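Working notes, structure below.
Read-outs: derived from the displayed coordinates by stated rules, not from any lab. It should be emphasised that the depicted structure is a prediction, and the values quoted were computed from it without experimental measurement. Cβ: placed from backbone, ideal geometry, glycine included. Neighbour counts: every protein chain shown.
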Amino acid sequence: MDPKTLLQNFINGLSLGSLYALIAIGYTMVYGILRLINFAHGDIFMMAVYFALFFVTLAQLPWYLAAVFAIACAALLGFTVDRIAYKPIRSAPRISALITAIGVSFFLESLAVVVFSGIPRSFRTVFPQSLNEMIIIGGEMEVKYGKEVIIGGIRFPVISLITLIVAAIALVFLWWFIFKTKVGMAMRAVSLDIQTTSLMGVNVDRVIGMTFALGSALAAIGGILWAIRYPQVWPYMGFIPGMKAFVAAVFGGIGSVPGAVLGGLILGITEVMMVGIMPSAAGYRDAFAFFILIIILSIKPSGLLGKQEAVKV
Amino acid sequence: MKQRTKTSLTLIALPLIALLLFLSQELLNSYYSRIITLIGIYGIMAVSLTLVNGISGVFSLGHAGFIALGAYTSALLTLSPKQKEMTFLIEKLIWPLNSIQIPFFWATLIAGLVAAIFAFFIGWPSLRLTGDYFAIATLGFSEIIRIFALNLNSITNGALGLKALPDHTNVWWAWGWLLVTVACVMSLSYSSFGRALRAIREDRVAAQAMGINVFKHQLMAFVVGGFFAGISGSLYGHWLSTIDPRTNTFGILLTFNVLIMIVLGGLGSITGAIIGGALFAFLSEWLRFLEGPMNLFGFKIMGMSGMRMLVFSGLFVIIMIFWPRGLMGRKEFSWEGLVSLFRRGDKR
Amino acid sequence: MRKLFVILLVVFLSVSALASIKVGAILPMTGGVAAFGQMIWQGVELANELFPGVLGEEIEIILLDNNSDKVQAVNTARRAIEQEGVVAIIGQVISSNTIAGGTVAEENGVAMVSPSSTNPLVTQDKKYVSRVCFSDPFQGVAAALLAFNNMGAENVAVFVDVEQDYAVGFANYFKETALELGGSVFYEYYKSGDQDFTAQVSDAISKGAGAFFIPGYYQEIALIAIQARQLGFYDPIIAGDGAAVPETIEIGGDAVNGLYFTTHYDAGSPALTENAKLFVEAYTAKYGEAPGTFTALGFDTYLVVRDAIERAGSTDREAIAKAVRETKDFPAVTGIITIDENGDAIKSVAIVKIENGKFVYDTTINP
């Protein structure tokens, strides 16, 4: 592969990885506080995109309002799912929670199939197309597909730059929220010991609900950005990105938000590079992510930036 | 109830069941009789998963992978060389597979063994992980198996899959193997091995303190579960008559379906698993009416496609929340239980 | 109380079946290729409205959804034949499903006519499975002619969907003809459901591709086109009949303008028969826009099946199956249909171009 393609593929991977990173943040947050792998995370991502689609096409809202409403609805959805499905089994063994999460995931997907029909829809007209234009890094003179910034020849979509920025903002925001606010402190307390926290007078259910709402909002943002980049909306669109985001979160250290971002970026880059270097192995692409997951789990389950936890007997 | 009475009852029940199966094949049309066969196959899938998830408490999401392994292994062994020649269009099948053809029984057995071997090598690193991580790891392996099947054109024929599998599976093979599976799993379950598994399920650390080698026990259970999953895969493949590595056939959807079966029937109960399998098979077909145009009191109501899965997953979540014990809870079918069911009418 | 309702429901459902001639329609109404299924259903429905009867009785269409899935393809075929007792089946849509369901049809001696399955294995060595569309060996030739002769490309990157029989077969036929014409091709791979193709596109660009050929389904075609344009590939993109649905334009937008594809029919092509005119008029009256390829194919399949029943003169499955194979010079919408002894129809390939967000008819390649 020539250097230009190599660099282009690196950038391609960065673009994909930025999306994984954003979705991974939500995943890792919920897991860090609740020790629950929320399989339905990817499906809330999917629902948020449908919400945004309908706010624009049916309610005729301008795109920025539609996005805000979609995120709010997704947060509400996450909160509701927790209330209905996860709260009743809070005290049950973890396996039950996991199985229920899978059930909720399939339920949301089936619901989407029935209500929205299984045919992929287009997201292209929902958001201004200027977001999908490419920044051309390098000396190029043609002006064929949108505006460019001329510094090179490598193409990097504007939306990916936006995703990176949003991920960075989310990082900072979460850091502030979890460490500098009372609610954040309550969340940290819940992650350590639910029972004692409730004894301290904290409304544990509300805190957990808020955690889900926040995580779902992040998933929603990730979803909308994903749909802008890959403008195809269908009920199962959240499954694979959700899984890969989970792999990224584990890779970076489950429970660690910066870890999730790091994990997401690295996963995206390695995935694209793998296909770039071995084009005939493109079919193994998804297996690659799982493969990485298993290796990480075997060697260092706490991930890159996570900490080893002692299990109290 | 005396042991002798129980044994005689079981010995009477078995031929009775065989008679019922025989009648089902003679009297029902092929559509229904095939469903009866399918129930047998689902039963094996469910019981093998119950051993792992229910009795050992080890949450595996990789069942579809073992089923797929079983299906492919047995298919490659039962197809005739000429059929293989015709089916493998992208790349030729490797030697010696392209010239072997062996009888169904041995193919199924080998399928189970292959799945068991994979289960061993998958379980070995994965069982060091705790609950959630193990689940994801097994899910990962199951997907890896499927994706490899999709791409290894010279072994599995890739996306084209294997077609025209000989129609070996019938009621007798399916229910016969089900009997074997139930006998095996039950005897394991009621032995000291089974008790150890349950101890591990209830409290892993306490079990370890009691001197039980947690890892060995769980691995054994996982391998046995994998073996029977492979057997079910072989039967399933020959029931379908065409297998391919797509998500719907051998992907997470299949694992989820088996999960539905054992949750419906009762997580941890072998009888429950079989009942769950039967219920699932019936509901799958019966609920089809929700999806097509319905003639209701003369009005035409357009059904909505995808309703079946919605109902299933909705049911699943509802059961998990309100009725996590499922139908049987952890209880098994017993002659005493059956008798007491009738007797309860007497006692007031 | 609820149980009673359920029982009543079931009784009503079974009793409500009227005496009529039942024809099954097994289509993917949900799942990955639902777009095709739904369009074909539109065509079948329309045809049923315009020609509701045959041999003095009403034709009842029993629609079964195979969920774009092979296993369901088999199950629904069985259900249609054994439960519903249909005399013939319209279906299924994508080749892999028709092949799977076809084995059931062969077993039971029921005619299955596919509107759109193009893979040769669908009808090979079969007596009861036929199709009203062309098959891929020919489509592959047409696509290659389009790429190398009409568009003058030299080195073509073929994007193969490893998860679909259709794509793999189609790509092979394209390659064969390409090599005969003296051109060169190389493959890039992907899987159905993939969304990021940047690595494959970058690779194709670095290998100096003069054109892209995508013998897959519309979701991926649209996304590949978008990413290709984004990464600076402005040369021709060609696709097969998988692109012949409006979703391609909806998802692809600007990026698919200038995309050419091979297909069965376009409303813009000169109407050859009475049925063709009737179809376009009726469809436009009902839906307010021009009909698409797959709708036309669905319409034609219904007509062919109905015609076969008429010629057979009875509802005997064997007779109908035989009559289907004897279809000769039937004036359908997508052309004059003759079904040969293999079950294949000799049809022409229409080349359609996407221009300004619309399908525009370009030319026809004849066998």
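When the trypsin sites (Lys or Arg not before Pro) in the range B:31-130 are filtered for DSSP coil states and for at most 16 other beta-carbon atoms within 10 Å of their beta-carbon, the remaining sites are B:92, B:128.
Kirkwood radius and radius of gyration were both taken over the C-alpha atoms of the range A:3-299, and their ratio Rg/Rh is 0.99. Angle of helix C:34-50 to the longest C-alpha principal axis of chain C, folded into 0 to 90 degrees and rounded to 10: 50°. Angle, helix A:63-81 long axis vs. longest principal axis of chain A, Cα atoms, 0 to 90°, nearest 10? The two axes meet at around 30 degrees.
Counted by neighbouring Cβ atoms within 10 Å, the residues B:95, B:323 run from fewest to most as B:95, B:323. Of the trypsin sites (Lys or Arg not before Pro) in the range C:160-231, the ones in a loop by DSSP (not H, G, I, E or B) with at most 16 other beta carbons within 10 Å are C:207. Each peptide in B:207-215, A:228-236, B:12-20 receives the mean, over its residues, of other Cβ atoms within 10 Å, and ordering these scores from highest gives A:228-236, B:207-215, B:12-20. Would you mind checking the tilt of helix A:182-192 against the longest principal axis of the Cα atoms of chain A, expressed as 0 to 90 degrees and rounded to 10? Orientation of helix A:182-192: about 70 degrees from the principal axis. In a Gaussian network model over chain C where Cα atoms closer than 10 Å are linked, find which of C:312, C:211, C:285 has the largest mean-square fluctuation. Sorting by GNM fluctuation, first place goes to C:285. Of C:133, A:73, B:184, the sequence from fewest to most neighbouring Cβ atoms within 10 angstrom is B:184, A:73, C:133. Helical runs (DSSP H, four residues minimum) scored at -39500 (n - 2.57) apiece and divided by the length of chain C put the mean residue ellipticity at 222 nm at -13000 deg cm²/dmol. Beta bridges from DSSP with both residues in chain A: antiparallel share about 90 percent, rounded to the nearest 5.
Note on residue A:60 and residue A:188: the extension gain reaches 42.0 nm, defined as 0.36 nm multiplied by sequence separation minus the Cα-Cα distance.
Annotation for the range C:258-367: GluC sites (Glu not before Pro) lying in DSSP loop with at most 14 further Cβ atoms inside 10 Å of their Cβ are C:289, C:326, C:341. With a/c under 1.5 counting as rounded, go ahead and sort the range C:137-263 into rounded, prolate or oblate using the C-alpha gyration tensor (a ≥ b ≥ c being the square roots of the eigenvalues; past the cut-off, prolate if a/b is larger than b/c, else oblate). Rounded is the answer for the range C:137-263, as its axis ratio a/c remains below 1.5. For chain B, modelled as a GNM whose springs connect Cα atoms under 10 angstrom apart, the maximal fluctuation among B:238, B:63, B:217 occurs at B:217.
Going by neighbour counts of Cβ atoms within 10 Å, the residues B:130, C:334 line up, fewest first, as B:130, C:334. Helices meeting the span-like rule in chain B (full DSSP H runs, Cα extent of at least 27 Å along the helix axis, mean Kyte-Doolittle score of 0.0 or higher): B:3-27, B:30-49, B:104-126, B:131-151, B:214-240. A crude spin-label estimate for the pair residue B:95 and residue B:203, with each label 7 Å from Cα along the Cβ direction, gives 6.1 nm. Here the sum of -39500 (n - 2.57) over DSSP H runs of 4 or more residues, divided by the residues of chain B, equals -22500 deg cm²/dmol at 222 nm, to the nearest 500. Throw me the Rg/Rh for chain B, computed over C-alpha atoms with Kirkwood Rh, two decimals. That ratio is 0.99, to two decimals. Per-residue ellipticity at 222 nm for chain A, helices alone: DSSP H runs ≥ 4 residues times -39500 (n - 2.57), over residue total, nearest 500 deg cm²/dmol? Calculated mean residue ellipticity at 222 nm is -22500 deg cm²/dmol. The Rg/Rh ratio of the protein assembly as shown, with both radii computed over alpha carbons and Rh defined as the Kirkwood radius, is 0.96. Roughly speaking, what is the centre-to-centre gap between the range C:156-184 and the range B:161-227 when only Cα atoms are used, to the nearest Å? Result: 47 Å between the Cα centres.
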